[in-house]
Amino acid sequence: MGAPLVSGVSFRFSLISVLIIKYLDSESGIRRIDRLAAIAQKPGGIFLMAIPIAIIEAALRGAYPNGNQNLVADWANFLTYLTLVVFGYILFSNQGFLKSIKSHWVVSLFAAVGLNITLKVLGAFGFFHGMTLYSVKWIGLMVAMGFLVWFWMIAFLGFGMRFLTAGHKALNYLSEGSLAFYILHQTVILIIGFYILQTNLGLFLAYLVICILSIVGILVLYELIIRRFNPLRFVFGMKAIRSDLTI
C-alpha cells in the first residue's frame with residue numbers, strides 16, 4: 001500500500017502546486033517573490049522562510065503524529081511537504097534566493113548540526129521526558145524541528161551549488177537518472193525489504209542488506225531497461241536517444 005499511497009500524495013502535491021505556481025507566475029505573484037527575495041538577501045533573511053514550516057509543525061504535529069502522509073489523515077506532513085515543494089519553486093525563480101543560499105549555506109550547515117546535537121543531548125538527559133502535547137516545551141521542540149528542516153535544506157542546496165555544478169560524466173549520468181531513481185526507490189525497497197525482514201538477520205545487518213540490494217536493484221533497472229528504451233526514457237523524464245547510445 002505504501003507506493004500507491006505516496007504516489008497519490010505526490011499527485012495531489014502536483015495538482016495543488018500547479019495552482020499556486022500559476023499565481024506565482026502572475027504579476028502579483030512575481031512582485032511578492034521579489035519582495036521576499038529582497039528580505040532573503042539580508043543577513044539571516046533566508047532563515048525566515050522556516051517560520052511557516054515551524055508554525056505548521058507546532059500547530060498540527062500533535063494532532064497528526066503518525067506520519068500517514070495523506071490529505072485526510074496527516075495534514076501535518078502534507079502541508080509541511082507541500083510548503084517545501086512550493087518553496088523549492090520560489091527559491092529557483094529569483095536569483096536573489098540563490099545568492100543568499102550561496103552566502104548562508106555554511107552557517108546553515110553549522111546551525112543544523114548544532115541544533116541536531118543540542119536536541120539529541122537534551123533528549124538523552126530527559127529534558128523532553130513527560131512533556132504533554134501543546135505544552136510550551138513541546139511547541140518549542142516542534143518549532144526547533146521546523147527550523148532544523150530548513151537549515152538542512154539550505155545546507156544541502158548550498159553544498160550542491162558549490163561543489164556539484166561543474167560538468168562531470170558521473171554527475172551528468174546521475175542527474176539524468178534522478179527522476180527514475182526517485183520513482184523506483186520505494187517500490188524496490190519495499191519488495192526487497194519484505195523478503196529480507198522475513199529472514200533471521202539482525203536489525204543492523206538487515207538494514208545494510210536492504211540498502212545495498214536496493215541500490216543495486218535500482219541501478220540494474222535503470223541501466224539495463226529504462227535508460228535504453230525511448231518510450232521508458234520519455235516516461236521517466238529523459239530525452240530520447242538514437243540507436244548509437246554509448247555507456
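Does region 153-164 contain any residue that is among the hydrophobic types (A, V, I, L, M, F, W, C), modelled with pLDDT under 95, closer than 22 Å to GLY88 by Cβ and not in a helix (DSSP H, G or I)? Checking region 153-164: at least one residue is among the hydrophobic types (A, V, I, L, M, F, W, C), modelled with pLDDT under 95, closer than 22 Å to GLY88 by Cβ and not in a helix (DSSP H, G or I).
Scanning region 222-236 for residues that are part of a helix (DSSP H, G or I), under 23 Å from the mean Cα position of the chain (by Cα) and surrounded by 14 or more Cβ atoms within 10 Å (Cβ to Cβ) gives a single hit, TYR222. Scanning region 53-80 for residues that are hydroxyl-bearing (Ser, Thr, Tyr) and modelled with pLDDT of 90 or more returns a single hit, THR80. The lone criterion from (1) over 21 Å from PHE147 (Cβ atoms); (2) surrounded by fewer than 17 Cβ atoms within 10 Å (Cβ to Cβ) left unmet by ALA59 is number (1). Inspect region 192-205 for any residue being at pLDDT below 95, touching a Lys or Arg at 6+ places or on another chain (Cβ under 9 Å) and either open to solvent by 40 Å² or more (accessible area, probe 1.4 Å) or under 26 Å from ILE226 (Cβ atoms) (or both) and give the result as yes or no. No, region 192-205 has no match at all.
Selection over region 71-83 of residues that are touching a residue at least 40 places away in the same chain (Cβ under 8 Å) and open to solvent by less than 30 Å² (accessible area, probe 1.4 Å) gives a count of 3.
Does any residue of region 177-184 turn out to be out of contact with any Leu (no Cβ under 9 Å at 6 or more places or on another chain), buried (at least 16 other Cβ atoms within 10 Å of the Cβ), at pLDDT below 95 and β-branched (Val, Ile, Thr)? Yes: one or more hits. GLY45 passes every criterion in (1) over 23 Å from LEU133 (Cα atoms); (2) in contact (Cβ under 8 Å) with a residue 60 or more places away in the chain apart from (2). So which residues in region 134-148 are within 17 Å of TYR64 (Cβ to Cβ), open to solvent by 60 Å² or more (accessible area, probe 1.4 Å) and in a helix (DSSP H, G or I)? ILE139, MET145 - these are the residues of region 134-148 that are within 17 Å of TYR64 (Cβ to Cβ), open to solvent by 60 Å² or more (accessible area, probe 1.4 Å) and in a helix (DSSP H, G or I).
Is there a residue in region 159-167 that is in contact (Cβ under 8 Å) with a residue 12 or more places away in the chain, of a type outside the set (Gly, Ala, Ser) and closer than 30 Å to SER26 by Cα? Yes, region 159-167 contains at least one residue that is in contact (Cβ under 8 Å) with a residue 12 or more places away in the chain, of a type outside the set (Gly, Ala, Ser) and closer than 30 Å to SER26 by Cα.
The values are calculated or read from the model by the stated rules, or taken from the named source; none is laboratory data. Treat the numbers as computed from the prediction; the structure is a model and nothing was measured. Note that each Cβ is placed from the backbone with ideal geometry, even for glycine, and that neighbours are counted across all protein chains shown. Note: areas computed on protein heavy atoms with side chains; ligands, DNA, RNA excluded. Shrake-Rupley method; radii C 1.70, N 1.55, O 1.52, S 1.80 Å.
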